[in-house]
Each structure stands twice: as structure tokens, then as C-alpha cells.
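Worksheet for the structure shown next.
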Amino acid sequence: MLEIIAKGKKLDLPLDIQLAITIENPFLLQDRVPIPYSLAFNLPPTLTNLNLFDYPNRLGAYIPGAKKAAIPCVIRFESLSISKGRLELDSFDKDIKVRFVGADMNDVIKNKLFDIDFGRESFPGTYQDTDYTDARNFASSYKAWSTSLAEGSHPNLIAAPIAIESEESFSFYSYINSTFKYTQRGLAPYIDYLYVNAFNPLNANFLFGMVDPEQSVHSMRFTHANIFPAFRVNYLLKNLFNNTLFSNPFSTGHLYQLAVPSLNFDKWVKRSSATVDTTIQNFAMVSNPKPKKTEPYPSTPYVELKSFLPDIAGNDFIKEILKLYCATLTVRKGQYGIILNQDIIKKKPVADYSSRLLDGLSISHHGKQTYFYGYEWSEKYTPDSEFIDVETHYDMVNYAYSIPDSGEYEKLFHITSTDQYILKRAFKNQVEFFMGGSLEELVVEYKVQSKGFHVALEDSSNSFKMRSTIKTMPLNVKTSFRHLEVRRKNIFPEQYIYPEVFNWVVPEWSALDRNARTNDIYLLYYKGFASIHQPNNQPQNPISGQTYPLLSPYGSANQSSLEWDGPAGLLQNYHAAFKEWIEKDKLRVSGNFLLTALDFHQLDITEKVHVNGRNFYFDKIQFTIRYDRIEPAAIDLIEC
């Protein structure tokens, strides 16, 4: 007997009701998400049915411009659940005209990510002023929060430095009297100009201070990098599906470290002061900032997490993640799950349908397709000059060179471990000091010429498209620092401020507008902590105990990469089995099969079945449920 249950009650059904249901296998679809099916039918205007839909036969039940909310429901037969979905009221005309909508990503998932509630992080403590050294002050909570993000101990968020690509040649250091010297530029504003999440490897946090051996009060002046958290993909997916996924490969292992870096925040303010002071620099980037610099925060400071997220719809984000990792979103008993296609392919058949076939099979050929994979944005790079092959970025840093008579050294390097081409440029710069005197300093900069990630394939009319719009960031050699400034008042040449600066390799982003939302999805892996390196004219390389949190697109022997090719690439680790299946000839068969209510109750559309000596995937199942019986199902199958 057919039943439709909504709000805990059975609907009164007409005896001639027919529910024609179609289920398609998302594993075989290029979007890899269930296609929502819907069916319209009429309900008699009984008291039970009228009450369920708030009496649609009455004029007072209708409000101009307002649509009645859909009602969750379950279709059952012989007390077994067949399908879950929702009922939508279409109209009333003697009967109640309704529509059942089956598997569909709910309205929340279709919203923009920045319109979905991902919670907030609050920072308890006093908030009249900002003091990172006082455990009672909110700033101490903010510092502890950001440090947990750097350490990777936060279950949902990560924070690590991302360099901002700049055309400006920025001189950081000079080698003189065994000490790196710094020019008259204060570093406070460059925390924002040069980095997202500037990290201090000396303190193992995002806090920077000014060192003055002669005036200890200056050492109390601190500024904290503005924190743009990276969101674990697992956290985004859990929230989009309200923690109901029955399977989620991004919740464990290496994929748990996959994150979406945030790059924009509507309350971000660019720092302008060259040095640290208590009224300008001692602030934290929060969703409820100070009305004025001299006033306290209006309430306990907090950050609204959705404010960091890009201008991307939730369902589009899901589709791109599924495509990149060759996974399928499926529905089982009304509950969503994400399954890697390679795991679907490994499964054994769950049932033999040979005896359920009512008549003969229709058999046809299903031709092979070309697997078209890669990134939409990647471009082929052909060097137009000679280059030097080195394995790592630090090999490029340490490669011996000299400044020619022309005054500038320039050489193209090919980083073989990442397939990047980077132009190294070095020149000497004369620095004049306001206290008198000058200093010749060496400026070394690195410009990424090719990000890598390119796949040399051509599209065709027979392509199975697996190209992704998701973006990532190349790694580049940048300069880290441990202090905002160090004041000296001895005799020249120490009458100026300088920080200690070192080399590190971090992801680099081509910044646009950090107050405006990007409409791109970026992905990086959290790799734990990497070592700080000194420049090659220093004896100690790397520096013991000096580490920083690293986000990277690259993998290793046992960790996958965001590159497509190679042993750690996406193709080898996630796509290979599915690609092999797409690129082989297969049989397509169809027939009528007698299935019971228990069969439909236990059905997993991504499972395999055995028919007449061969294994098949479901392509499509069409069946009709009447009041007292289930008609034979018309099933299309594709050979495994």
C-alpha cells in the first residue's frame, strides 16, 4: 500500500494515484550531482490534506508575493521508505494540486557562500583597548585563536602566510658588519602590503613588535597581522549539508588538510603608519571595529566567518570540488554522501538482476570518449631564453652568481620539483640615511614566469569534460621578518632602524581588491611547518628552530598534489580508474525488471548489478508506484 507521510501524518490519497519516478545515476553525469526529479499529482480536499497545506481552498490563506513553504515528506510502500523529498503546493481547483520534488540540493546550498551562516569566532575579554600581552584582554584571545589556526589544531580553519605579488622592487636588507640592516621604511604597513597573514617565525605567531635595547618601553609596542582564515573543505561541506553526509572523503587523511584561503574582508583597512603606536597599529581586524581609533570596540570583538568567503554559490562550489577530485554526490535513503569515483569502481556487484528480468534485453554499443582534464585557466609556457634546472626553490636561491658590470644580474630558473619558471634578478641599491651616510645594499627578487599546472590536451566533440575552474597559487621565494624595526643609537652605521630578514617559500597571490569579494575558488593544502632559510651569504641554512605554517599546492610521494600529472597528481591519485573506464568501449543494455519495495528501499544508484554474466552500472531507472502496487521498472544499464 502506498503512503505519503508529511509532518508525521498520512496524506489521504486517491485510489487512482500514479507516481512516475525517474532516478539517474550521478556517477555517469558530468556534473556528478543528483538531478532533481519532480512529479505532479492531485490530492483530494479532505480535512487532513487541507490542514496540512493551511487550507488552500480559502482566500485568506494566500498572501500576495508569498509562496507557501515546501513540506518535507516521505513516499513509502508497504511501510518501507522509497523516496524522500518535499511537497510543494501548486494551486487549488476542486483538488489540491501538488508537486513532489525528490533529490535536490536544498535552497541553502544554492545560496552564495557569503550568505550562508558558517558561525562566528568571538574573542572574550576586555575591549576598551587592545593589549596582546594581557590575558584579560580580547586581543590575547585573538592571538591565541590565530596561533591555533597556524598550528593546524583548529578543526575548521587554518592561517598561514600568503605573499602578495607586487611589481615594486622592495629592498629589505644589506649585509654589513655581519648584520642585516634595514632602511628608513617602517615595516608596519608592509605587513599588509606584502602578505595575507604575515607570520613571525621568531614568536611562532602573527604578532610583531619593535625592539629597542635602550628604551624598553618600545618593546611593548605590538601589531598583529590581519587574519584571513583558510576554510577546510571538510568544514564547508559539513555546513552546506548540515552535518548529514553519510560519506565524506574530505573529513580524514590528506584531504582533511585541503583548504580554501580567504583573501577578502569587507572591514579590512590598509595600514598607513610607518611605525607602531598604541592608537594606530594596536587593533585587530574584526566584524565590529572601533567607531574611532580613540574609542573602545562597541561590543565583544568577533569575526563573522561568512564575511571572508568568495562570491560563489554553494552548489557551484560542490560541483567544482567533485570534478577536481573525481567524486560523486549521491543520495541514499534521502541522505547525501560524497563518494570517490575510484571507490565506486572498486565495488563488487550487490545483486544479480538476471532472474528479475521480465523479457529480453535491448543491447547497443556505448562508444569510448576522450578524457579532457586540467585547469581552465592554465596556459602553456615556452621559455624565450636559456634557463638553469634546479630541483627546489632554495637551490635557486643558493645558486652562485655575481653582479656583472652592467649592475644587474638576471637569470631564468626552472624548478623541476614544481615545473615552475622563475626569473631571479639581483642588483645593488644605494641607500641614503637621514642621520647622514649611505649604504650599498643588495636587492634580490624573484618573479614567477610560469605557475606550472598546465596539461597539454585539446578538446573535441567526443570529450568527457573534467576541466576545473578552481585555481591555486604558485610558490615563490619571499622575505620574512621577525621584528617591525630595531632601533640603535650608537655611532654610524647603526644610526638607523633595521629588521632581521630571511628567505622562505610561500604561496603567492596576484592581489586585486581585498575589500571586494573574489568570484574564484582557490585551493591549497596545509603542509604543517616548514623551515626558514637564511640567504646564501649566511653560513646557517636553514635556521634551527625557525619555522612557519605552509600552504602549498604541491604534494609528495604519499600526499597528493593540485597538479594533474605526475605520481602525486590528481590524475594518478583520483582520476585514473574513471579515465580508463571512460576511454574504453562498453555495452549499453535496457530492459524491464520486476523489483520489490524492499529493492527500492535498499537501492543505492551508484552500486553495480550483475545481469546475464556481466556487471553493469545503473544509468537510469524509471518506475511507477500505484496505490496498491509497483509497476515493473524500465532500467538502462552501462557495462562496468
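The values are calculated or read from the model by the stated rules, or taken from the named source; none is laboratory data. These numbers were taken from a predicted model, which means no experiment stands behind them. Cβ coordinates were reconstructed from backbone atoms using ideal geometry, including for glycine residues, and neighbour counts include every protein chain displayed. What goes into the accessible areas is simple: the full protein's heavy atoms, side chains included, and nothing from ligands, DNA or RNA. Shrake-Rupley method; radii C 1.70, N 1.55, O 1.52, S 1.80 Å.
Points to keep in mind about this one:
- Candidate lysines for bridging to Lys97, where Cα separation is under 16 Å - those fewer than 8 sequence places away on the same chain excluded: Lys67, Lys68
- Residue separation of Ser460 and Leu47 scaled by 0.36 nm, minus their Cα-Cα distance, works out to 142.8 nm of gained length.
- Convex hull projection area averaged over all views, segment 389-433, Cα basis, nm²: 4.0
- Within-15-Å neighbourhood charge of Ser417 [Cβ basis; K, R +1; D, E -1]: -4
- Equivalent ellipsoid semi-axes, segment 295-334, via Cα gyration tensor eigenvalues times 5, rooted, Å: 37, 14, 8
- Annotation: amide H of Gly152 within the under-5 Å range of Ala159, sequence separation 5 or more or interchain, hydrogens built in the peptide plane.
- Net charge of the neighbourhood of Ile5, taken over other residues with C-beta under 13 Å away and scored Lys/Arg +1, Asp/Glu -1, is +4.
- Counting Lys and Arg as +1 and Asp and Glu as -1 over every other residue whose Cβ lies under 15 Å from the Cβ of Ser148, the net charge comes to 0.
- Protein-only accessible surface order, largest first, of Cys640, Cys73 at 1.4 Å: Cys640, Cys73
- Label point distance in nm, Arg120-Thr244, each placed 7 Å from Cα along Cα→Cβ: 2.7
- Loop-located chymotrypsin sites (Phe, Trp or Tyr not before Pro) in segment 11-57 (DSSP state not H, G, I, E or B) with no more than 12 neighbouring Cβ atoms inside 10 Å do not occur.
- DSSP-assigned coil residues among trypsin sites (Lys or Arg not before Pro) in segment 1-101, each with at most 12 further Cβ atoms within 10 Å: Lys7, Arg58, Lys67, Lys94
- In loop segments of segment 347-377 as defined by DSSP, the trypsin sites (Lys or Arg not before Pro) with at most 16 further C-beta atoms inside 10 Å of their C-beta are Lys347, Lys368.
- Lysines with Cα under 17 Å of Lys584, excluding same-chain neighbours fewer than 8 positions away: Lys346, Lys368, Lys465
- 3J(HN,Hα) couplings calculated from phi for segment 311-319 with the Karplus curve 6.51 cos²θ - 1.76 cosθ + 1.60 (θ = phi - 60°) are, in sequence order, 7, 9, 6, x, 5, 5, 4, 4, 4 Hz; Gly and Pro show x.
- Between Asp384 and Arg626, the C-beta separation translates, for a Förster distance of 60 Å, into a calculated FRET efficiency of about 0.25.
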